[in-house]
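Below is one structure, written out as structure tokens, with a few remarks after it.
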Amino acid sequence: MFRIALKMLFGDRGKYLGIITGIALASILMIQQPGILISIFTTMYSSITDIGLPDIWVMDPKVQYIDDSKPLLDTQLYRVRGVKGVEWAVPLYKGSQRVRMDNGETVNCSMLGLDDASLIGGPAIMIQGKLSDLHQPDAVIVDETGAKGRLARPSVTPGGKSTPLQIGDSLEINEKRAVVVGIARATKTFQSQPIIYTTYTRAKNFALSERKLLSYILVKAKADESPQTVARRITKETGMAARTADEFKSMSLWYIIENTSIITNFGFVVLVGFIVGAAVTGQIFYNFTLDNLRYFGVFKAMGATDRMLRWMILLQALLVGGVGFGIGAGLVATFAAATKDSSDLTLKLNWQLLTGSGLAVLLIVLLAALISVRKVLKLEPAEVFK
Amino acid sequence: MSETETMAVYCGGITKSYGTGEARVQALRGIDLEVHPGELLMLVGPSGCGKTTLISVIAGILDQDDGECVLFGQDLKQLSHNQRVVYRGRNIGFVFQAFNLIPTLSAAENVAIPLLINGMPMDKAISRAFECLRDVGLEGRENALPSQLSGGQQQRVAIARALVHNPRLVVCDEPTSALDHETGRRVMDVIKNLAVNSDRSLVIVTHDARIFDFADRIAHMDDGRIEKVERNN
């Protein structure tokens, strides 16, 4: 009877497509908006994610999130190195610098100054050049998105195509010359600024006007110590805030959640998607059942049990739910794949989001099926003679 | 063996009403009726006399208020809801006035439905449906949709569907009212020749006097009562 149920569904092509479209649209809303939200959240702590080697980030106690760095004295680095359980500790400069373009315009960039010796905190993926090339004079590495986007060489002709930055190109940062020695892949930042990597010492030169330049101290805990324990010890002994990478990510995320209405706004759209999906799908599916009520009555008269009818309707609902969700998720995934290299905010999909939205669609089709099942089960089989 | 057990259908003192209070309508007012094995009984009478209500009670798709309805020795009221549904699926075939064929299914798939309800696998059910469609003269039209068939052909599909699972009782509600005279008689020929045998009985509700001659007995109903039962010669 399940094949019969499916043939009944496919046979009414208009309603079938209507239900599928309703679920696909609901799925798109319920996946796309949280997908953007995830993308925003990811950019919130992209620097922490990209700098994967250290276990602990040490910072001024007033720091609230990753881009809110408050400079420390360079001597703090030595205090941290002296704490028991610290394998190594290196400085990190994180700040914003202005790059002057050939046409006179300036571009705000995020600059990361890495420990001169170890270059810890550098990009994990180099597209062109090597991380060690940062040891060359005036060397900087630029992230791929920035090199192709805001830092690309403007065309000499108005309206012409700009040329991506390449190795050997020079930049002017705070009236100082920098030479591009590499192009790296990095996760976009919340401000979507180009990222420039250089050594800690050179970063201090680029940012001469600032007295204190040590943004963070990156720490690796010894193998026999847990990062949490070492972090608590650093805090206790130095008075600075020391947080594990996960704690720092979480803190950065919660700062945005608590200080903006981002969750409320995105959540509202997701809720609208769910309600619209449930209403449209429920309505069309119910109409489909009403159109077939006479035939369900015939099945009942002919000996179809309530259980059999329930499963037939449930199968129809699950099938339209699966197909609709597949189309919706597929469209969003295609869009996400097509725009993943864009310098603008892109979509990020993960299994949690797809599972969550899939469950929401399941709930929608189950609600639709429930209403239809009720109608069919209440139907008197004797109605078929009327 | 008691008399009710040898009957195909035994109805004793059946009453049925719809609605409550002033809106209450007494559809059946104490029906006593017997249908013998191998018999074709027609229920005739004016509209609203209770024919459809009676056939619904006999087919086990409507509960009577009072009285006894026994099918092949089985009092349907003694069965639970699910048992009655299963009993109906195995023992009763239905032919409806409006055919009630599923428009999105082929003729063979429509015919196969009672077998599928009874748990037969699809391929076997379709194979058996093909045989039944050949029996009703629709060989070569097995894959046609109902919309591609004439009214007479659709009713023959419906007859094949009613017989495909070898039910012991077939109930037909106005099987010829949607058909012209010639087609109606041809459909009745099919019903008479294929459906009636010593193990199977037919109850046909009709007001089409042109097919009365196909009946073994005719029960005349009026105002919820059987006025008379006459044997057809």
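Taking other C-beta atoms within 10 Å as the exposure proxy, B:R210, A:R310 rank B:R210, A:R310 from fewest upward. Centre-to-centre, using Cα atoms only, the stretch A:76-124 and the stretch B:1-68 are separated by 93 Å. Dipole check for the stretch A:253-386: with +1 at the C-beta of Lys and Arg, -1 at the C-beta of Asp and Glu, and the Cα centre as origin, the magnitude is about 540 Debye.
Here the protein assembly as shown is treated with +1 on each Lys and Arg Cβ and -1 on each Asp and Glu Cβ, and its dipole about the Cα centre works out to around 1680 debye. Using the Cβ of A:M1 as centre and a radius below 15 Å, the other residues enclosed give a net charge of +4, where K and R count +1 and D and E count -1.
Ordered by the count of other Cβ atoms within 10 Å of each Cβ, fewest first, A:S357, A:S261 give A:S261, A:S357.
With neighbour counts taken as other beta-carbon atoms within 10 Å, the residues B:R156, A:R211 rank, fewest first, as A:R211, B:R156. Its relative contact order, with pairs defined as Cα atoms under 8 Å and 6+ residues apart, puts chain A at 29 percent.
Other residues lying with their Cβ under 11 Å from the Cβ of B:S106 contribute a combined charge of 0, Lys and Arg counting +1, Asp and Glu -1. When only DSSP loop residues count, what GluC sites (Glu not before Pro) in the stretch A:153-223 have their Cβ near at most 13 other Cβ atoms within 10 Å? Sparse-neighbourhood loop GluC sites (Glu not before Pro): A:E175, A:E210.
I need the shape label for the stretch A:126-278. Rule: rounded when a/c is under 1.5, else prolate if a/b > b/c, else oblate, with a, b, c from the alpha carbon gyration tensor. It comes out oblate by the Cα gyration axes. Distant-in-sequence amide contacts of B:R225, defined by a placed amide H-H separation under 5 Å and a gap of 5 or more residues or a different chain, comprise B:R29.
Of the two radii for the stretch B:126-185, the radius of gyration is 0.96 times the Kirkwood radius, both from the alpha carbons; that is the Rg over Rh value. By the scheme Lys and Arg +1, Asp and Glu -1, what is the net charge of all other residues having a beta-carbon under 10 Å from that of A:A221? Taking every other residue near A:A221 into account, the sum is -1.
Indicate the helices, whole DSSP H runs only, in chain A that combine a mean Kyte-Doolittle hydropathy of 1.6 or more with a Cα extent along their long axis of 15 angstrom or more. Correct list, ordered by number: A:351-378. Taking θ as phi - 60° and the Karplus parameters 6.51, -1.76 and 1.60, the scalar couplings of the stretch B:200-217 work out to 10, 10, 10, 10, 10, 8, 7, 10, 8, 4, 5, 10, 4, 5, 7, 7, 7, 9 Hz in sequence order, x denoting glycine and proline. Once the C-beta distance of B:A98 and A:S162 is scaled by a Förster radius of 60 Å, the resulting FRET efficiency is 0.25 to the nearest 0.05.
For q values of 0.11, 0.13, 0.19 Å⁻¹, compute log₁₀ I(q)/I(0) with the Debye formula on a Cα-only model of the stretch B:102-233, without solvent. Ignoring solvent entirely, the Cα scatterers give -0.42, -0.57, -1.08.
Working note: 222 nm ellipticity from helices only, DSSP H runs with n ≥ 4, each -39,500 (n - 2.57), summed and divided by the residues of the protein assembly as shown, gives -13500 deg cm²/dmol to the nearest 500.
Using 0.36 nm per residue and subtracting the Cα-Cα separation, the extra length available between B:N232 and B:E182 on full extension is 15.9 nm. Centre-to-centre separation between the Cα atoms of the stretch A:208-245 and those of the stretch A:305-339: 49 Å.
When the Cα gyration tensor is reduced to axis lengths a ≥ b ≥ c, the ratio a/c is 1.5 or higher for the stretch A:204-266, and with a/b not above b/c it is classed as oblate.
Averaged over the residues of peptide A:301-311, the number of Cβ atoms from other protein chains lying within 10 Å of each residue's Cβ is 6. Residues whose amide H falls under 5 Å from that of B:R200, counting only those 5 or more places apart or on a different chain, are B:G38, with hydrogens built in the peptide plane. In a fully extended conformation the segment linking B:Y18 and B:H220 would gain 70.6 nm over its present Cα-Cα distance, using 0.36 nm per residue. As a rough guide to protection, the peptides A:374-380, B:17-23, A:107-113 ranked by mean Cβ packing within 10 Å, highest first, stand as A:107-113, A:374-380, B:17-23. Take every DSSP beta bridge whose two residues both sit in the protein assembly as shown; close to 65 percent of them are antiparallel.
Phi angles of the stretch A:99-113 translate, via the Karplus equation with coefficients 6.51, -1.76, 1.60 and θ = phi - 60°, into HN-Hα couplings of 9, 8, 8, 4, 8, x, 6, 10, 10, 6, 10, 8, 10, 10, x Hz per residue; Gly and Pro are given as x. Quick check on the stretch A:117-157: take the gyration tensor over C-alpha atoms, sort the square-rooted eigenvalues as a ≥ b ≥ c, and tell me if it's rounded (a/c under 1.5), prolate or oblate. Prolate, because a/c is 1.5 or more and a/b exceeds b/c. In this rough spin-label picture, where each label sits 7 Å from Cα along the Cβ direction, the A:L366-A:D224 distance is 5.2 nm. Choose one of A:I234, A:S261, A:V272: the residue whose Cα lies farthest towards the positive end of the charge dipole of the stretch A:183-274 (beta-carbon charges +1 Lys, Arg; -1 Asp, Glu; about the Cα centre). Of A:I234, A:S261, A:V272, it is A:I234.
To the nearest ten degrees, helix B:122-135 and the longest principal axis of the Cα atoms of chain B are 80 degrees apart. Extent of chain B along its three principal axes (Cα atoms, max minus min coordinate, largest first): 50, 40, 39 Å. Projected label points at B:F212 and B:S127, each 7 Å from Cα along the beta carbon direction, are separated by 4.7 nanometres. Contact order for the stretch A:1-134, expressed relative to its length and based on alpha carbon pairs under 8 Å spaced 6+ residues apart, stands at 16 percent. Out of A:N287, A:G322, A:W351, whose Cα points farthest toward the positive end of the dipole of the stretch A:287-386 (charges: +1 Lys, Arg; -1 Asp, Glu; placed on Cβ)? Working it through, the farthest residue towards the positive pole turns out to be A:N287.
With Cα atoms as the point set, the protein assembly as shown shows a radius of gyration and Dmax of 40.0, 121 Å.
Counting only Cβ charges, +1 for Lys and Arg and -1 for Asp and Glu, the dipole size of the stretch A:126-245 around its Cα centre is about 300 debye.
Counting Cβ atoms of other protein chains within 10 Å of each Cβ in B:157-167 and taking the mean gives 1.
Within 10 Å of the Cβ of each residue in B:109-121, the mean number of Cβ atoms contributed by other protein chains is 3. With the charge dipole of the stretch B:1-122 set up from +1 on Lys and Arg Cβ and -1 on Asp and Glu Cβ about the Cα centre, the Cα lying farthest toward the positive end among the listed residues B:T104, B:Y18, B:L71 is that of B:T104.
Between the alpha-carbon centres of the stretch A:52-74 and the stretch A:349-386 there is a gap of 51 Å.
Each reported figure results from applying straightforward, stated rules to the coordinates on display, with no laboratory input. Computed from a predicted structure; not experimentally measured. Every residue, glycine as well, gets a Cβ built from its backbone with ideal geometry; the counts of neighbours run over all protein chains shown.
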